[in-house]
Amino acid sequence: MEGPMGYSDETDESLMRAIKGGKHQAFSILVRRHTDRFFKTAYRLCGQVQEAEDMVQNAFLKIWNNPSIWKEEKGAKFTTWFYRILINQNIDRMRAKKPVAVDDAYLHSFADDRTTPEAALLEAREQQLIERALGSLPERQRTAITLCFYEEQSNAQAAQIMGVKVKALESLLMRAKAGLKVFMQENSARQKSKEVRHGT
Amino acid sequence: MEHRPDDIETFIMSRAPAPQASKDLSERIIHAAMTSPRPKTISWIEQLRQAFILPVPRMAIAASVVALLAVGFSGHFNTPVQTHQEKTVTDYEFTMVLDVFDDEQSL
């Protein structure tokens with residue numbers, strides 16, 4: 001018999017084996033261990049707090065309801081595999097015509113830490129611009145950026161998560177950066193024309 | 001990371017950190033998992049076996065009676081039938097014999 005904390009030192013992979021055997025305790029430990037980390041990833045992918053929470057919850061429930069989808073013999077780490085589940089959930093979400101959104105409430109609360117209201121407003125605008133720029137990217141490019149920049153995965157790890165070759169991942173990153181550059185140029189051109197109109 | 005820093009990378013990295021998840025998110029997930037019935041996974045052998053199981057014994061008996069009757073009737077009506085092809089061959093052969101007979105008569 002496993003004690004109340006019997007699984008706490010176990011690896012993710014051995015917890016998954018226990019979950020296959022229907023052990024609630026193992027599932028609880030896995031959820032408590034990874035929820036915060038994967039919530040952040042989900043938020044980076046979809047841009048909404050509520051959506052991100054739903055994505056993480058659905059992914060964990062998928063594991064509990066059908067643990068046989070975890071194929072240990074394929075050799076992928078649990079975290080690599082879970083990233084894939086989240087990415088697939090985000091693709092499904094986007095297919096259901098839910099675009100990447102900007103969580104204004106969170107961005108304003110983040111910007112409120114600035115010293116003056118003007119600085120806070122500028123920061124909130126800057127953050128909205130970043131979110132819109134990233135949201136304008138195609139899903140795979142955005143995922144590549146999220147994994148390599150915000151999740152701090154190496155190119156090889158990110159390529160493994162996305163199921164592509166490293167060269168393909170590098171190409172996605174290059175195109176994503178080019179896309180962001182174009183977005184920035186167009187945005188600054190819009191800003192300039194706005195300023196000219198207000199000036200006249 | 002394996003990236004060369006440039007303007008765009010600075011722009012990407014200036015994104016605000018992701019917010020914290022709700023404090024009770026993990027507990028909500030655990031609760032949702034424990035309260036929902038876990039679907040039972042069955043092997044393909046079990047699935048195949050279930051495909052052949054009849055729901056009640058009475059249906060199995062009825063199915064057997066129907067099958068036996070079908071076999072019995074198929075034996076009853078199984079009389080030899082002359083096919084079109086057999087008939088044609090016989091006619092052809094008969095004609096050949098007549099032709100030979102006519103030839104012999106003419107000689």
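Residue by residue, here is whether (1) modelled with pLDDT of 85 or more; (2) out of contact with any strand residue (DSSP E or B) (no Cβ under 8 Å at 6 or more places or on another chain); (3) not in a helix (DSSP H, G or I) holds:
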residue: A:105; (1), (2), (3): no, yes, no
residue: A:134; (1), (2), (3): yes, yes, no
residue: A:142; (1), (2), (3): yes, yes, no
residue: A:153; (1), (2), (3): yes, yes, yes
residue: A:161; (1), (2), (3): yes, yes, no
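Looking at the range A:124-136 only, could you name the residues that are under 14 Å from the mean Cα position of the chain (by Cα) and surrounded by 17 or more Cβ atoms within 10 Å (Cβ to Cβ)?
Here is the first cut: in the range A:124-136, the residues under 14 Å from the mean Cα position of the chain (by Cα) are A:131, A:134-135.
Across the range A:124-136, the qualifying residues are A:131, A:134.
Any residue in the range A:70-92 that is open to solvent by 10 Å² or more (accessible area, probe 1.4 Å), in a helix (DSSP H, G or I) and facing another protein chain (nearest Cβ under 8 Å)? Scanning the range A:70-92 turns up no residue that is open to solvent by 10 Å² or more (accessible area, probe 1.4 Å), in a helix (DSSP H, G or I) and facing another protein chain (nearest Cβ under 8 Å). Of all residues in the range A:169-200, those being open to solvent by less than 40 Å² (accessible area, probe 1.4 Å) and more than 17 Å from residue B:7 (Cβ to Cβ) number 2. The sole residue among A:27, A:39, A:60 that is buried (at least 19 other Cβ atoms within 10 Å of the Cβ), without any contact (Cβ under 8 Å) to a residue 24 or more places away in the chain, closer than 23 Å to residue B:34 by Cα and within 13 Å of chain B (Cβ to nearest Cβ) is A:39.
The values are calculated or read from the model by the stated rules, or taken from the named source; none is laboratory data. Remember, it's a predicted structure, so these values are computed and weren't measured experimentally. Neighbour counts run over all protein chains shown; Cβ positions are idealised from the backbone, glycine included. For the accessible areas, the whole protein counts, side chains as well, though only heavy atoms, and no ligand, DNA or RNA atoms are used. Shrake-Rupley method; radii C 1.70, N 1.55, O 1.52, S 1.80 Å.
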